Each structure stands twice: as C-alpha cells, then as structure tokens.
Protein chains: 2
Amino acid sequence: MRTVAIVGVGLVGASFGLAIREAGFAGEIIGVSSSDALSAARKLGAISGSATLDEACRRADLIYLSQPVDRILSTISRLGPLAAAGTLVTDAGSTKLTIVRKAAECLRHTEFIGGHPMAGKEKSGAEEADANLFRGRPYILTPSSGPPSPHAASFRGLLECIGANIVELDAQEHDRVVAFTSHLPQLVSTALASTLAHQKNNHLERIFGPGLLDMTRLALSSEALWASILAENREAALRALDAFEEQLHRARQAVATNNLADLFSSGESFASTIRKLTR
Amino acid sequence: MRTVAIVGVGLVGASFGLAIREAGFAGEIIGVSSSDALSAARKLGAISGSATLDEACRRADLIYLSQPVDRILSTISRLGPLAAAGTLVTDAGSTKLTIVRKAAECLRHTEFIGGHPMAGKEKSGAEEADANLFRGRPYILTPSSGPPSPHAASFRGLLECIGANIVELDAQEHDRVVAFTSHLPQLVSTALASTLAHQKNNHLERIFGPGLLDMTRLALSSEALWASILAENREAALRALDAFEEQLHRARQAVATNNLADLFSSGESFASTIRKLTR
C-alpha cells in the first residue's frame, strides 16, 4: 500500500494520518477536505499533500472516509464511478448498516470494509489530532465486500500498528451495540446537562463535585455530528432509550423505597467489568 | 486550635488529616474510627494518634465528623453530653438539613457548622486519602449555630489552607442543589450502567469509547454510602429525577423527530459554563 487518501480531515481523519505516519507508513497521505482542515493537518504532518476526490481516487490504494455519517453516504455515491477496481474503500462512521448498504449499492467493483474506531474526544477538528487516539481502543470492521485482498491485509496491518484492537462485527449488530454503548450515554449526558440548565439556580453552576464534570463531558459534543448519527440509527437509539427509562423507573422506586442494593449491584458490576477489560 | 479529632477516618477524614498536616497544622490529629482505618491513616500520617469518642471530646478543639450520613446523625446524638462548650463540631456529610437539625437539637452548648466538601472519588477508605482532595473544590458551610468564635475562624483558615473554596449556604438550599448536581448524576450513572448490564450482550462490554467509562464511573460508588444519603434527601432527589425524566422525554422526541438542536444547545451551554467556572 503506497498511497492513502483521507477524505474529511477532522479529528479522526487527521489522527489516522498522524498515527500511520508515526507508525512508520512511508507512502503518500493525501487529504481531501476543506482548505482550513487541510492546512491544519499538513502543519501537523498528518497529510503530505492534498487533492480533489477525483484525483485522490486515481492515485490512492486506500480511501479512508472520515466525514460525518451523512457526508460519508454522499461521498460513497460519488465514489461509484471514480474509484478504481484495485482500491480499498473504508470509512470511520459511527453507524454502519446504511453505510455498508450504500457501499454495496454504489461500489460494485471496489472492495469496501466498514469501520468504526471507538475513539474520540468531545472536541473536533484536525487541530485536536492525536497519533494515540486509536491506541488500546476497539476498532470495529464489518466483513469485507470481496474476497481477502492484499490491500485489506495491509489496512488491518496499519490498524494494528497504530494500536487499535480490531473487532469484526456485522453492521446490524454493530448498530445495535453502539446504540447502547455510545448513543445512549451521549443522550443521557446531554439530557442531564440540559436538566441542570433548566433549573435557573446559579448555585448549580458552582456547587458540584468531579462526578458532574464526567457526567456532562459528552454534552459538549457536536450536535451536527450527532444529528447525522442518530438519523441513521434512530430505531436502535429509541430502543436503548426505552431500556434506560425502565432502569430509571427502577432507580426512582429504589430511592422511594430506600432499597438501592439490586440497582447499585448491577450497575457496579457492569462498570467494573468494562474497566477490567480495558486495562 | 491545637487538637483536631477526626471521627470516621475514611477517604474524606483521612484526606482532611493529611491535607491540614501538609498545610502546616502542627497540633495533634486524633482519629476515632475502626482499628483498620486508624492503622491505615496513621501509616499515611493522616492522624497522629487515636482515642475513643469520649476522650476525643475532652481533648479536641475541633471535632470533624466524616462518617456516612446516618452515622453522623447518631454520633451527633452521642456528642450532646460529651462535647465541651468551647469545642467546634463540624461534619462532612453529603446532606445537610437533617444533620443541622439534629445538631440544633443535641448540641445546645456546642458550636456546630455543617460542612460538605464537594470532592470525592469512586473509591473509599483511608488508603485512598489524598492531601489535594479538597483543592479547588467547593466546600459548603452552613451558617454557624453560634456567634463568630475563634475556633470557627481557625477552621475556615484551615479550609483555605487546604485549597477548598468555601461557599456559605443554608442547609435546605444545599440539599436542593446537591440533589441535582450530585444525587442525580449518581442515579443516572448507576441506571445507565444497569441498563447495559441487563442487555445480556457480551459485545457491550468490549465495544465502547472513552465516553462510556466517564458515564459509568460513579456507578462504582458505594451503595451503603448512597443509601444513607438518599434516605436523608429523598424528596429532593425524587424532584431531580422528575426534572431529568422530563428532559429525557424531550431527548426521545428530539431523536424521533431528528431535531436535536435545542436539547444539545442547552446541554452544551451548561456543560461549558461549569467548566469555565472550575478553571
């Protein structure tokens, strides 16, 4: 693999460029993005050049789509007639089913592997790029649309070099899982911060411990990004909200009857388990 | 102020001892606690000796109650006949109204100032003590039960030396505020972790980003501690849950109609504000 094109050089795209460069990738890294993003990414060394999508398609072995979900969908439509047969296309979108379906429809002669790095920050933009963003974090890959190819093997090699933990998962199952582990925490954090915002009591802004900072960090995330994610995975997100409402009702009963043991025990058990697994 | 007695040498009590020692307090710091806690605290240098509650009352200028809320209430009952007239009693409990009322009832001849350091960790115990636990964090004080005394002035001086930001607040208003900024985030974190625990899908334990770790950290907190807090501030906690349920309903509507802008904007605004104020 000699040339990588990164389409959408924001936090994830620029971090990917920076990470593969630091891991020793010596080829060309072409950015396709807004001029502001390109200049920030070039300054950091996350890309070595820039191009239009057409030109990038002609030159790249790997096309890495790291735009918001709605933009990834429209880029895939445009790639259909542009991408060469020997190119591997992948994406870093937060939902997978509609993207994989769009790729199956539009990229009939080009290999596609859906991807989702479970890494991020509440801040966005190439300026926030971090070569270690993917390190130790799960990186979901959906099954390849074609037979095993050399480019797919190289791409997986790159992901391993940048410290990502590759997990293969079917697109539909991915979307069900992230509705619980990503969309739900986001909605809960935003709803919590919004609850406090609506109290119109200035003391709430001063009198809190470190827990409230943790619980409201996700509320700083970009609304535009989340609108596009939730539009593509609405049903699963609503089902996760249903399940949460059920536990919230249980929490209310637990407080009302002063019987917290079961609720706290199941919460503590999950919270401990995911910490053991990330160590 | 020459002698401080810390009743309940857990995370907060041992951190208070350690913090005042490191800030230069040269007097005696007596621990009143279980023998395990006393030996851990002594090893860290958080206390210089130990005593029974009776003996501590005879010797201490300041009695610092850092037990769980239910234990603070029963200790205050015991202090009535024990505490000398010139002693200052304060506590570090997470609710204030029932404690301040109990003190008014039982400590007729002893000055009492209710306190609540808005600092903590999800872990407990003297072993977790940290001299910087209070630094930069709000430390609520309820109005003193008596006229301004030299011990009260010394105690405030100690709190300033250990970096706490003193905020004076009436006990009832304190309890209303922390129901939103502390009890609600705790219940939400536990309900979220419990929601994921109930999905019986092993992928949920592996496929997540750093946001889920933040959102479930509080779920590691001690159930016993929270049972005692929520028992004393149940009505305010239930009202906070009501307000949150309203915003959660709004979040559901926002997802269903793909119109997140208002919800995210109020959430983002609160989350940004509290970060500006803590910088």
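The values are calculated or read from the model by the stated rules, or taken from the named source; none is laboratory data. Just so it is clear, the model here is predicted, and its values are computed rather than measured. Glycine gets a Cβ as well: all are built from the backbone with ideal geometry, and neighbour counts include every protein chain shown.
Is it fair to say B:Glu205 is within 11 Å of chain A (Cβ to nearest Cβ), under 30 Å from A:Ala179 (Cα atoms), without any contact (Cβ under 8 Å) to a residue 12 or more places away in the chain and of a type in the set (D, E, K, R)? Here the answer is yes, as B:Glu205 does meet what is asked. Got at least one residue in the stretch A:66-89 being under 24 Å from A:His174 (Cβ atoms) and either part of a strand (DSSP E or B) or of a type in the set (Phe, Trp, Tyr) (or both)? Checking the stretch A:66-89: at least one residue is under 24 Å from A:His174 (Cβ atoms) and either part of a strand (DSSP E or B) or of a type in the set (Phe, Trp, Tyr) (or both).
For the stretch A:182-202, the tally of residues that are in a helix (DSSP H, G or I) and either in contact (Cβ under 8 Å) with a residue 40 or more places away in the chain or more than 7 Å from every other protein chain (Cβ to nearest Cβ) (or both) stands at 7.
Taking B:Asn132, is it surrounded by fewer than 19 Cβ atoms within 10 Å (Cβ to Cβ) and touching a residue at least 60 places away in the same chain (Cβ under 8 Å)? It is true that B:Asn132 is surrounded by fewer than 19 Cβ atoms within 10 Å (Cβ to Cβ) and touching a residue at least 60 places away in the same chain (Cβ under 8 Å).
Listed here are the residues, each with its yes/no results for (1) among the basic types (Lys, Arg); (2) assigned to a helix (DSSP H, G or I); (3) within 20 Å of A:Leu73 (Cα to Cα).
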position: A:Val4; (1), (2), (3): no, no, yes
position: A:Val12; (1), (2), (3): no, yes, yes
position: A:Leu18; (1), (2), (3): no, yes, no
position: A:Gly24; (1), (2), (3): no, no, no
position: A:Gly31; (1), (2), (3): no, no, yes
position: A:Ala40; (1), (2), (3): no, yes, no
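Restricted to the stretch B:229-259, and to residues there that are over 22 Å from B:Glu173 (Cβ atoms) and in contact with a Lys or Arg (Cβ under 9 Å, 6 or more places away or on another chain), the residue that is surrounded by the most Cβ atoms within 10 Å (Cβ to Cβ) is B:Val255.
No other residue among A:Leu241, A:Leu213 is over 15 Å from the mean Cα position of the chain (by Cα), under 30 Å from A:Leu44 (Cβ atoms), part of a helix (DSSP H, G or I) and within 11 Å of chain B (Cβ to nearest Cβ) apart from A:Leu213. For B:Leu277, are the conditions met, namely being of a type outside the set (S, T, N, Q), in a helix (DSSP H, G or I), facing chain A (nearest Cβ under 7 Å) and over 22 Å from A:Phe264 (Cα atoms)? The answer is yes for B:Leu277. Among the residues here, B:Glu160 qualifies as more than 7 Å from every other protein chain (Cβ to nearest Cβ) and surrounded by fewer than 22 Cβ atoms within 10 Å (Cβ to Cβ). Checked against the criteria, B:Ala191 does not count as farther than 15 Å from A:Met215 by Cβ and of a type in the set (Gly, Ala, Ser).
All conditions in (1) touching a residue at least 24 places away in the same chain (Cβ under 8 Å); (2) buried (at least 24 other Cβ atoms within 10 Å of the Cβ); (3) within 7 Å of chain B (Cβ to nearest Cβ) hold for A:His174, with the sole exception of (3). Just one of the numbered conditions (1) surrounded by fewer than 22 Cβ atoms within 10 Å (Cβ to Cβ); (2) in the same structural domain as B:Thr110 (by TED's automatic domain parsing) is not true of B:Gln199: (2).
Would you call B:His151 at the interface with chain A (Cβ under 7 Å from one of its Cβ atoms), in contact with a strand residue (DSSP E or B) (Cβ under 9 Å, 6 or more places away or on another chain) and not basic (Lys, Arg)? No: the conditions fail for B:His151. Looking across the stretch B:224-238, the residues that are touching an Asp or Glu at 6+ places or on another chain (Cβ under 8 Å) and either at pLDDT below 95 or more than 7 Å from every other protein chain (Cβ to nearest Cβ) (or both) come down to B:Ser228, B:Glu232, B:Asn233, B:Ala236. Of everything in the stretch A:131-145 that is under 17 Å from A:Ala104 (Cβ atoms) and not in a strand (DSSP E or B), the residue that is modelled with the lowest pLDDT is A:Ser145. Could you tell me which residue of the stretch B:244-260 is farthest from the other protein chains (Cβ to nearest Cβ), considering only residues that are aliphatic (A, V, I, L, M) and within 17 Å of A:Ala219 (Cα to Cα)? Among them, the one singled out is B:Ala254.
Residue-level check: of (1) farther than 23 Å from A:His109 by Cβ; (2) outside any helix (DSSP H, G or I); (3) away from chain B (no Cβ under 14 Å); (4) not hydroxyl-bearing (Ser, Thr, Tyr), A:Val167 misses just (3).
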